[in-house]
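Please read the structure below before turning to the comments.
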There are 2 protein chains.
Amino acid sequence: MTEIVAQPLTAEAFAPYGDVLEIAGAPDKIINQGLCGRYHDRAALDFGPGGRAGISLFNAEPRSLPYRLEMVERHPEGSQAFVPMHLKPWLVVVAEPGDVPGPVHAFLAASGQGINFHRGTWHGVLTPLHEPGLFAVVDRIGDTANLEEHWLETPVIIGGPRF
Amino acid sequence: MTEIVAQPLTAEAFAPYGDVLEIAGAPDKIINQGLCGRYHDRAALDFGPGGRAGISLFNAEPRSLPYRLEMVERHPEGSQAFVPMHLKPWLVVVAEPGDVPGPVHAFLAASGQGINFHRGTWHGVLTPLHEPGLFAVVDRIGDTANLEEHWLETPVIIGGPRF
């Protein structure tokens, strides 16, 4: 059994795995007669030559910390964005790259933070920590399975602060 | 001055203008060992030959009802999805198609409802009704302006129930 602690989700810490979708800093553009800030094109979407972008909704059961991670997965043919449709914190899990997943890292997404996993990134399944576990998902629509699962030999227990 | 009342947002009523993104009904697929429902590929994304999908974040100032609509706009080269990153109701405004906008219709998006405007649909700018006015927007990234604005000769006052 390995134990790790979830860290705050920051763009810098998450950069090896994907993009953080958040409104930190100044907007790229002010639109709508000054009433809206646009944070422009914040995700590296990549759906390969045979895929296209789609928007799906995920409704996932909330988990709690400490969380027992037994499996990570990756999508070899496309990026995958998780956009919370709520303002609650949630858990993001990744593993370092390789034919088999490397060391696991966990991040606590704060209120208002979404993420986009870069194509092929090993990651845990969607893990809300509160009801409702409602997310918009922007990922690859295509004819292939686009999913590899890897069950860990040693589960990872992910702890974190109480919300 | 024209006065209209915002109606509940339903997939059927909104069909001429776009897609409603919501988890109504049974999921298309159960994933993640039974812990997540996937409502698959729910938006007709269309970014034309010269565009691509992007995810941006909008942070808009909340409005209140009655709301005075003075302008509608359209994006001739791409669809545009508004995904609330919160669980508050918000206002969706559209106008019937034409070289100039036709009659205006307004819908109250309930908690958990997003929308995708089909390419070229006349619509009002993003109008949250509560703080924070935080939305993920999936729209066309390209080199063209992709924006037409039309200022109404007669403003439309949009009323609705109090939240």
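Starting from the 7 Å offset along Cα-to-Cβ, what nm value, one decimal, do you get for the label separation of B:Glu12 and A:Glu148?
According to this spin-label approximation, the distance is 4.7 nm.
Of the heavy-atom accessible surface of the protein assembly as shown (probe 1.4 angstrom), what whole percent is carbon and sulfur?
Looking at the protein assembly as shown in its full context, I get 52 percent from C and S.
Can you list the lysines whose alpha carbon sits under 20 Å from that of A:Lys88, skipping same-chain ones fewer than 8 residues off?
B:Lys88
At a probe of 1.4 Å, how much accessible area disappears from chains A and B on forming the pair, both sides counted, to the nearest 100 Å²?
3900 Å²
Is the C-alpha gyration tensor of the protein assembly as shown telling us rounded, prolate or oblate? Criteria: a/c under 1.5 is rounded; beyond that, a/b larger than b/c is prolate, otherwise oblate.
It is prolate, given that a/c is not under 1.5 and a/b is the larger ratio.
Once a ≥ b ≥ c are taken as the square roots of the eigenvalues of the Cα gyration tensor of segment A:1-152, is the result rounded (a/c under 1.5), prolate (a/b larger than b/c) or oblate (a/b not larger than b/c)?
Note, shape of segment A:1-152 comes out oblate.
Nearest 5 percent is fine: what portion of the DSSP beta bridges confined to chain A is antiparallel?
Taking every DSSP beta bridge with both residues in chain A, the antiparallel ones total about 85 percent.
Return the single residue from A:Ala106, A:Ala145, A:Ala95 with maximal mean-square fluctuation; model: Gaussian network over chain A, springs between Cα atoms under 10 Å.
A:Ala145
So with the 1.4 Å probe, I'd like the accessible area per residue for chain B, rounded to whole Å².
That works out to 43 Å² per residue.
Pick from B:Leu134, B:Leu69, B:Leu35: which residue has the top mean-square fluctuation in a GNM of chain B where Cα pairs under 10 Å get a spring?
With Cα springs under 10 Å in chain B, the top fluctuation among B:Leu134, B:Leu69, B:Leu35 is at B:Leu35.
Would you tally the net charge around B:Leu45, using a Cβ to Cβ cut-off of less than 11 Å, leaving B:Leu45 out, and scoring K and R as +1, D and E as -1?
Result for the local shell: +1.
In nm to one decimal, list the spacings between the B:Trp151 label point and its equivalents in the other copies, with label points set 7 Å along Cα to Cβ, shortest first.
Going from nearest to farthest copy, the values are 6.6 nm.
Give the cross-link partners of B:Lys29 among the aspartates and glutamates, using a straight C-alpha distance below 13 Å as the criterion and excluding same-chain residues fewer than 8 apart.
Excluding near neighbours in sequence, the set is B:Asp41.
So which residues in segment A:127-142 end up with at least 10 square angstrom less accessible surface once the other protein chains are there, compared with the chain by itself, probe 1.4 angstrom?
By number: A:Pro132, A:Leu134, A:Ala136, A:Val138, A:Asp139, A:Ile141.
So what is the relative contact order for segment B:2-159, in percent, with contacts set as C-alpha pairs under 8 Å and at least six apart?
Result for segment B:2-159 is 37 percent.
The values are calculated or read from the model by the stated rules, or taken from the named source; none is laboratory data. All values reported here derive from a predicted model rather than from experimental measurement. Glycine also receives a Cβ, built like all others from the backbone with ideal geometry; neighbour counts cover every protein chain displayed. Remember, those area values only see protein heavy atoms, side chains included, never the ligands or the DNA or RNA. Shrake-Rupley method; radii C 1.70, N 1.55, O 1.52, S 1.80 Å.
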